[in-house]
1. Quickly run through segment 64-74 and pick out the residues that are within 20 Å of the chain's Cα centre (by Cα) and open to solvent by 50 Å² or more (accessible area, probe 1.4 Å).
2. For segment 92-137, what are the residues that are crowded, with 17+ Cβ neighbours inside 10 Å, part of a loop (DSSP other than H, G, I, E, B) and touching a Phe, Trp or Tyr at 6+ places or on another chain (Cβ under 7 Å)?
3. Evaluate segment 159-167: report whether one residue or more is surrounded by 14 or more Cβ atoms within 10 Å (Cβ to Cβ) and outside any loop (DSSP other than H, G, I, E, B).
4. Given the criterion among the charged types (D, E, K, R), open to solvent by 40 Å² or more (accessible area, probe 1.4 Å) and under 22 Å from residue 152 (Cα atoms), identify the matching residue among 215, 192.
5. Could you pull out the residue among 186, 170 that is in contact with a helix residue (DSSP H, G or I) (Cβ under 6 Å, 6 or more places away or on another chain) and outside any loop (DSSP other than H, G, I, E, B)?
6. For segment 51-63, enumerate the residues that are under 23 Å from residue 187 (Cα atoms) and surrounded by fewer than 18 Cβ atoms within 10 Å (Cβ to Cβ).
7. Which one of these does residue 140 not meet: (1) in contact (Cβ under 8 Å) with a residue 60 or more places away in the chain; (2) assigned to a loop (DSSP other than H, G, I, E, B)?
8. Would you pick out the residues in segment 1-40 that are open to solvent by less than 70 Å² (accessible area, probe 1.4 Å) and within 20 Å of the chain's Cα centre (by Cα)?
Amino acid sequence: CHKWPDGLPMAYFQAYSNTYAPLPILKQVYGPFISSPKVAGLAIATRCDCLDEEKIAWLASAAAVKPIWLELGLQSIHDRTLSQMNRGHDAAAFSAMVGQLAGRGLAICVHIIDGWPTETDEMMLDTARAVGAMPVQAIKIHMLQLLKGTRLAAEYQCQPFALLSQDEYIDIVIRQLELLPPTMAIGRLTGDAMSQQLLAPDWTRRKRAVLDDIDRKMARYGSWQGKAITSRRPL
């Protein structure tokens with residue numbers, strides 16, 4: 001690409017649950033990218049309930065050839081929220097899967113969502129605190145976005161509920177970052193949605209402004225990743 005002309009791309013299987021198919025099909029899909037010298041590694045988005053030992057063992061063997069990231073959607077550590085989201089699994093199942101993946105040579109990135117209408121600030125901080133204690137290498141933090149055609153968007157249109165403002169979201173993200181180990185990679189600090197699909201909140205369209213505000217406020221507050229769990233600021 002123009003930004004890194006000498007770099008190699010990662011093959012990112014992002015949308016939906018990309019380990020849902022039987023293993024023979026997964027081998028057909030991922031095999032060419034694993035063997036290709038033009039691909040640096042794979043990032044595979046999936047769910048904790050769409051993995052089993054057979055698939056994990058094969059992915060672990062493939063990770064010996066080139067780096068493989070598994071991106072797991074957690075969204076919240078609170079079972080009530082997961083039920084409202086219709087996730088289909090609870091927090092214990094997620095934690096158990098992370099334990100099953102740990103030490104297998106696979107890198108793990110956890111996705112969480114801030115701003116679910118029934119969650120308090122402390123509940124969102126609990127989620128970050130829990131992820132920070134897991135044997136994972138990265139996290140992606142998203143703001144709840146209401147997309148047209150979804151059940152939650154329809155509920156919002158019938159009876160609007162409170163959504164986080166940009167300032168509220170930024171303050172929560174900063175407090176979450178302070179709870180995460182300094183060694184944990186931060187893959188995302190806000191989400192993207194197709195403009196024509198987004199119903200609310202409108203401020204999430206301005207991704208760069210959100211990221212810039214996080215930087216400015218962290219500098220103003222004297223904040224850094226891991227501040228709440230270590231007194232030593234990383235160099």
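The values are calculated or read from the model by the stated rules, or taken from the named source; none is laboratory data. Just so we're clear, the structure is a prediction, and the values are computed from it rather than from any experiment. Cβ: placed from backbone, ideal geometry, glycine included. Neighbour counts: every protein chain shown. Ligands, DNA and RNA are stripped out before the accessible areas are found, and what is left, the full protein with its side chains, is counted by its heavy atoms. Shrake-Rupley method; radii C 1.70, N 1.55, O 1.52, S 1.80 Å.
1. Listed by number, the residues that qualify are 67, 69.
2. If the condition is that a residue be crowded, with 17+ Cβ neighbours inside 10 Å, part of a loop (DSSP other than H, G, I, E, B) and touching a Phe, Trp or Tyr at 6+ places or on another chain (Cβ under 7 Å), then 115 is the only one that fits.
3. Scanning segment 159-167 turns up at least one residue that is surrounded by 14 or more Cβ atoms within 10 Å (Cβ to Cβ) and outside any loop (DSSP other than H, G, I, E, B).
4. 192
5. The conditions single out 170.
6. Passing the criteria: 56, 60.
7. It is condition (2) that residue 140 fails.
8. Correct list: 11, 13, 15, 17, 18, 19.
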